[in-house]
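A.B. asks: Would you mind keeping the following structure in view while I ask a few things?
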Amino acid sequence: MQTNPSQQAGQTLNGAESLVKTLLACGVDTCFANPGTSEMHFVAALDRIPGMRCVLGLFEGVVTGAADGYARMADKPAATLLHCGPGLANGLANLHNARRAQTPIVNIIGDQATYHRPLDAPLTADTEGWARPVSVWTRTAQRADQVGADAAAAVQAACAAPGGVASLILPSDVCWDEGGQVAAPLPPLAAPKVSPDAIEQAARWLRSGQPTLLVLAGTALRETPLADAHRIAAATDARLITPMSNARVSRGRGRFAVERVPYSGDAARAKLAGIRQVILVGAPPPVTFFAYPGKSPRPYPEDAQIHVLARPEQDLADALARLADALGAPAVPVPDAAAPVGVAKGAVTSEAVAQTLSALLPEQAVVVEESVSFGRAFYPGTLHAAPHDWLQLTGGAIGAGLPLAVGAAVAVPDRRVVALQADGSGMYTVQSLWTMAREQLDVTVVVLANRKYAILLGELAGVGANPGKTALDMLDIGNPDLDWVKLAAGMGVEGARAVDMESFADLFAMANKRKGPFLIELVI
């Protein structure tokens, strides 16, 4: 094991101090935390060792979701700090979303001291067992002198393509014992390139004349790979699409657009009708979000052939560029942007909000979308907005939007973050507003307040249910009405309510020009 020069000079460290120093040496300089007693030596080490930005979340779901948003925009991992198994359990939903987004996170979880664990104290849990399903790498540190090496291995595992959660469990005595060793960063694991045979085979599929769909995901949705994908589509008449939910999409004026598979299974099957070949580029085969009686869970024709150009862990950008070259596909110009449109007026509709977003979105904004049912027009309706990145709820576990906005704002402090947040799912992690205020993050939160779980009303119809009062009451969050302006004020975030498109446009334009967070409750 390689050690840091300061370690070789004879500096005495405990395990927690070696952890902090190793993380910093590996480029991990941001930690989203909700610590408890077992993590106090890590907390104390952060006082003694400069360089780590610590961001407190009042709920572990905020911590894990913020680490997800941070890494999506920073292209490097943050650390989390969670308290024992139950703290991990509180953060699991957004770790599930991070796993589906293939987000690199160094997930640090405190635990009972090694000699205390056999006594079955109240917080004792199967922490490794809970961590494994959301992690690409899981380890429990056994000795103080191994913590640095474990941390370096966790960073390497989290960053290995396509990215994932690396969970390091730290018994408290391993943190406070002396003998910590600072480990040098391990070399990054390069994403393997697609073989020449795979490129040639994909070129043959595309030249076959069969109606072909390229499904793009992961890093294939960044600006340069999307341009190469459009070269391929223009040369072969292939269609391009992405899964319904993606970690990050580069889009807006001057960039190539890409459609998403619709949420509705019926709409998805209609869109993909007639496809004979599906070529996957870092994506799984398309699938409907849920199963419905008597309907196929596959949105593409049952007899379509599925091919793989590149797996998620391979170099997707390189694969698309080489395939475009193999096809002799010339560069194609970005389509001209539509004529500028002004802000919408009158009643609040999904299309009107999209129009106003398109007109007023700041340059290089980061849009975090957890708009669920009302936001159906937001993605297609902002095609010609200013250049921006679009982040989504990737794993279906609601409550990711506000934490993602926290993490994105920490990662790119020079860019405005716009969170399009449904009211029901926003209540899962409403504590994010407090962190936005504490850190003075430049976030404009737009709460879409329909005071119901509208998406579930559609699901009731989708499964053929005939709901009565009891069922409908379970989907109603308007008795009493949530007051998001007061909720925000109680956590230190200024806010205001909009009831029509004129007031929304005025508030949205104002919010994006000011420093710090601002919340708009848009009544729909």
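A.B. asks: In degrees from 0 to 90, rounded to the nearest 10, what is the angle of the helix 223-236 Cα long axis to the longest principal axis of the chain?
C.D. replies: With both axes taken from Cα atoms, the answer is about 40 degrees.
A.B. asks: Hey, can you rank 188-196, 300-308 by average C-beta count inside 10 Å, highest first? Don't skip to the end; give the middle numbers.
C.D. replies: Working: 188-196: 13.6, 300-308: 15.2.
Going from most to least packed, we get 300-308, 188-196.
A.B. asks: Relative to 2.2 N^0.38 Å, what does the C-alpha radius of gyration of the stretch 262-376 come to as a ratio? Two decimals please.
C.D. replies: Numbers: Rg = 18.9 Å, N = 115, 2.2 N^0.38 = 13.4 Å.
Scaled against compact globular proteins, the figure is 1.42.
A.B. asks: Sticking with this structure for a sec: Let me check the size of the stretch 196-326 from its C-alpha atoms; what are the radius of gyration and Dmax in Å?
C.D. replies: That works out to 14.1, 45 Å for Rg and Dmax.
A.B. asks: At a Förster distance of 41 Å, what's the computed FRET efficiency of ARG143 paired with LYS193, Cβ-Cβ distance as r, to 0.05? Working shown, then result.
C.D. replies: Numbers: r = 39 Å, r/R0 = 0.94.
Efficiency at R0 = 41 Å is approximately 0.60.
A.B. asks: Given just the C-alpha atoms of the stretch 269-308, how large is their convex hull per residue in cubic angstrom?
C.D. replies: On the way: hull volume 2.8 nm³, N = 40.
With only Cα atoms used, the stretch 269-308 gives 71 Å³ per residue.
A.B. asks: Any idea what diffusion coefficient the stretch 350-523 gets from Stokes-Einstein, in µm²/s, Kirkwood Rh on alpha carbon pairs, 37 °C, 0.692 mPa s? It would help to have the intermediate numbers written out before the result.
C.D. replies: Values: Rh = 16.3 Å.
For the chosen part, D equals 202 µm²/s.
A.B. asks: With a cut-off of 17 Å, note down the residues of the stretch 214-257 whose backbone N falls inside the zone around a label point 7 Å from the Cα of ALA331 toward its beta carbon.
C.D. replies: 223-235, 254-257
A.B. asks: Can you list residues from other chains, or at least 5 along the same chain, whose modelled amide H is less than 5 Å from the amide H of LEU214?
C.D. replies: Hits under the 5 Å cutoff: ARG239, LEU240, ILE241, ILE279.
A.B. asks: Let me know the whole percent of all Cα-Cα pairs from the stretch 136-278 that are separated by more than 20 Å.
C.D. replies: More than 20 Å apart: 64 percent of the Cα pairs in the stretch 136-278.
A.B. asks: What fraction, in whole percent, of alpha-carbon pairs in the stretch 5-176 exceed 25 Å separation?
C.D. replies: I get 22 percent for the Cα pairs in the stretch 5-176 exceeding 25 Å.
A.B. asks: I'd like to compare 504-514, 54-64, 352-362: which one has the highest average count of other Cβ atoms within 10 Å, and what's the full order after that?
C.D. replies: 54-64, 352-362, 504-514
A.B. asks: If you take the square roots of the eigenvalues of the alpha-carbon gyration tensor of the stretch 431-513 and sort them as a ≥ b ≥ c, do you get rounded (a/c under 1.5), prolate (a/b over b/c) or oblate?
C.D. replies: prolate
A.B. asks: Let me ask something else. Grab the DSSP H runs of the chain that are 4 residues or longer, score each as -39,500 (n - 2.57), total them, divide by all residues and round the 222 nm result to the nearest 500 deg cm²/dmol. Show your work: numbers first, answer last.
C.D. replies: Values: 21 runs with 196 residues, N = 524.
Rounded to the nearest 500, it is -10500 deg cm²/dmol.
A.B. asks: Separate question: What Kirkwood radius, in Å to one decimal, follows from the Cα pairs of the stretch 72-169?
C.D. replies: 13.5
A.B. asks: Something else: Check VAL368: other-chain or 5+ apart residues with amide H under 5 Å from its amide H, H built from backbone geometry?
C.D. replies: Answer set, sorted by chain and number: LEU391, VAL418, ALA419, LEU420.
A.B. asks: Helix 60-74 versus the longest principal axis of the chain: what angle, 0 to 90°, nearest 10, using Cα atoms?
C.D. replies: Between the helix axis and the principal axis of the chain, the angle is about 70 degrees.
A.B. asks: So what's the net charge close to ALA79: Lys and Arg +1, Asp and Glu -1, counting the other residues with Cβ under 12 Å from its Cβ?
C.D. replies: The answer is 0.
A.B. asks: Straight distance only, please: which lysines reach the Cα of LYS295 with their own Cα at less than 23 Å, same-chain residues fewer than 8 apart left out?
C.D. replies: List returned: LYS271.
A.B. asks: Still on this model: Before anything else, pin down the relative contact order of the chain: Cα pairs under 8 Å, at least 6 apart, normalised by residue count, whole percent.
C.D. replies: It comes to 14 percent, rounded to a whole number.
A.B. asks: Quick one: which residues, 5+ away or cross-chain, put their amide H under 5 Å from the amide H of THR114? H built at 1.01 Å from N.
C.D. replies: SER172, ASP173, VAL174
A.B. asks: Hey, what angle do you get for helix 84-101 against the long axis of the chain, alpha-carbon based, 0 to 90 degrees rounded to 10?
C.D. replies: That helix lies at roughly 30 degrees to the long axis.
A.B. asks: Compute for the stretch 375-464: radius of gyration divided by Kirkwood radius, i.e. Rg/Rh, restricted to C-alpha atoms, rounded to two decimals.
C.D. replies: My calculation puts Rg/Rh at 1.00.
A.B. asks: Follow-up question, since we're still on this one. Just to check I understand the Karplus step: with θ = phi - 60° and J = 6.51 cos²θ - 1.76 cosθ + 1.60, what whole-Hz values come out for the stretch 334-341, glycine and proline as x?
C.D. replies: 5, x, 4, 5, 5, 4, x, 10
Each value in this text was obtained by applying a stated rule to the coordinates, not by laboratory testing. Quick caveat: nothing in here was measured; it's all calculated off a predicted structure. Quick reminder, even Gly has a Cβ in these numbers, built from the backbone with ideal geometry, and neighbours come from all protein chains shown.
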